[in-house]
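Report on one structure; see the data block that follows.
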Amino acid sequence: MAQAVRVTAERIRKLEVQGARNVAIAAIKALEGLAEETSAETRKQFMKELEEARVTLFASRATEPLMRNAVRWIISQVENSDGEDADTLAEVVSSSSNQFLKDLEASKELIAEIGAKRIRDGMVVFTHCHSSTVTHLLSKAKEDGKTFEVVCTETRPVFQGRITAKEMLALGVKTTFIVDSAARSFMRDADIVIVGADAITSEGNVINKIGTGTIALLAHEARKPFYVVAELLKFDPATACGDYEKIEERSPDEVWKDAPEKLIVRNPAFDVTRRDFIHGVICEEGIIPPHSVKEVMHRKHPWIFE
Ligand code: RUB
């Protein structure tokens, strides 16, 4: 097993790398690392290493289709190339990884440009957890000269909301930090809710950090627009074939380290927000209704269904 892959998978598992985009980027870089450190000589040996890497990276976190799509695409580029020696194939891994990262970056910029227009002066933006796509959108809005405030939840059990809060403060945005259970009390002051996504299903439902589904309900109750900001490649093609998106269940220790014996402590990392509660998905194709994501994927990324 390539060292780069093993170390990266462990870092992802431990949440040292957090958020769907960062997880995907780390996995792509691990494949680049594999291409550099490989001792394979033949095509067969190299393909075996790639397959081991795929299995290890996929197992590092269960609910990360962007990472899976990225790894699948890079491996398919290698499969489709006719190089016979490992050096040539390693070259294909490097160039396709580069291409994927470039496209991912371009999507992020486009999403920020589109989404920033939804932020108007004086708005209070409510967000949950830490999404690099959301914070980039907000930094673009700030760069465009918008003045707005942010309310962010701490996001139990591992407090990713603190990352969001620090990033907002660094941007000079007035930020209010609340416990997750205060979400309803602060929803009435919000003008817009913007969250990220880990996965989008074929029905247009969105999977994001645990608590997102509740916040969507609260936004619905308070009649506040609820937007999901995500690259299209967070779509999980397996859901179109009947599979459910697997919801990662993390260690109970994250919730209560020395919990009494026999106490059942559950720690699902994500939940599902039904498409009915989502005003729009802000993606690189514009702001689209959640139920049309699958159709857009057929047009933009047909390979994903192969
Ligand atoms: C992070 C989370 C983020 C999405 C989107 O969960 O739910 O909202 O991953 O992030 P965790 P991004 O901290 O458990 O990884 O927009 O950066 O892809």
With +1 on the Cβ of every Lys and Arg and -1 on the Cβ of every Asp and Glu, and nothing else charged, how large is the dipole of the stretch 215-299 about its Cα centre, in debye rounded to the nearest 20? 280
Go through TYR227, TYR244 and list them by solvent-accessible area, largest first, probe radius 1.4 Å. TYR244, TYR227
³J(HN,Hα) across the stretch 120-136 via Karplus (A = 6.51, B = -1.76, C = 1.60, θ = phi - 60°), whole Hz, x for Gly/Pro? 10, 3, x, 6, 9, 9, 9, 9, 9, 6, 10, 10, 5, 6, 5, 5, 5
Where only protein heavy atoms count, and the probe is 1.4 Å, what is the accessible area per residue for the stretch 67-214 in Å²? 42
Quick one: angle between helix 20-37 and the longest Cα principal axis of the chain, in degrees between 0 and 90, rounded to 10, please. 20
What's the whole-number percent of alpha carbon pairs in the chain lying beyond 30 angstrom? 34
Using the Cα centre as the reference, give the magnitude of the dipole from point charges on the C-beta atoms of the chain (Lys, Arg: +1; Asp, Glu: -1; all else neutral), rounded to the nearest 20 debye. 1240
Put one equal scatterer on each alpha carbon of the stretch 3-98, apply the Debye formula with no solvent term, and list log10 I(q)/I(0) at q = 0.16, 0.22 1/Å to two decimals. -0.57, -1.03
In degrees rounded to 10, the 0-90 angle between helix 3-13 Cα long axis and the longest Cα principal axis of the chain is 20
Helix-only CD estimate at 222 nm, as mean residue ellipticity for the chain, using -39500 (n - 2.57) per DSSP H run (n ≥ 4): -15000 deg cm²/dmol
How large is the translational diffusion coefficient of the stretch 87-194 in µm² per second when you combine the Kirkwood radius over alpha carbon pairs with Stokes-Einstein at 25 °C and 0.890 mPa s? 163
For the charge dipole of the stretch 171-239, defined by +1 on Lys and Arg C-beta atoms and -1 on Asp and Glu C-beta atoms about the Cα centroid, which residue among VAL193, ALA182, LEU233 has the Cα displaced farthest towards the positive pole? ALA182
Please work out how much accessible surface GLU295 shows to a 1.4 Å probe, ignoring ligands, DNA and RNA, in Å² rounded to 10. 110
Could you run the Debye sum over the Cα atoms of the stretch 54-101, one equal point scatterer each and no solvent, and tell me log10 of I(q)/I(0) at q = 0.22, 0.23, 0.31 Å⁻¹, two decimals? -0.77, -0.82, -1.11
For helix 86-116, what angle does its Cα long axis make with the longest principal axis of the chain, in degrees from 0 to 90 and rounded to 10? 20
Links exceeding 22 Å between C-alpha atoms in this model, out of LYS117/LYS142; LYS117/LYS174; LYS166/LYS257, come to LYS166/LYS257
Lysines whose Cα lies under 18 Å from that of LYS102, excluding same-chain neighbours fewer than 8 positions away: LYS29, LYS234, LYS300
Counting every C-alpha pair in the stretch 175-296, the percent lying more than 26 Å apart is 29
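The values are calculated or read from the model by the stated rules, or taken from the named source; none is laboratory data. Keep in mind that what you see is a predicted model, and the values were worked out from it rather than measured. Ideal geometry is used to build each Cβ from the backbone, glycine not excepted, and the neighbour counts take in all protein chains shown. Only protein heavy atoms, including side chains, enter the accessible area calculation; ligands, DNA and RNA are left aside. Shrake-Rupley method; radii C 1.70, N 1.55, O 1.52, S 1.80 Å.
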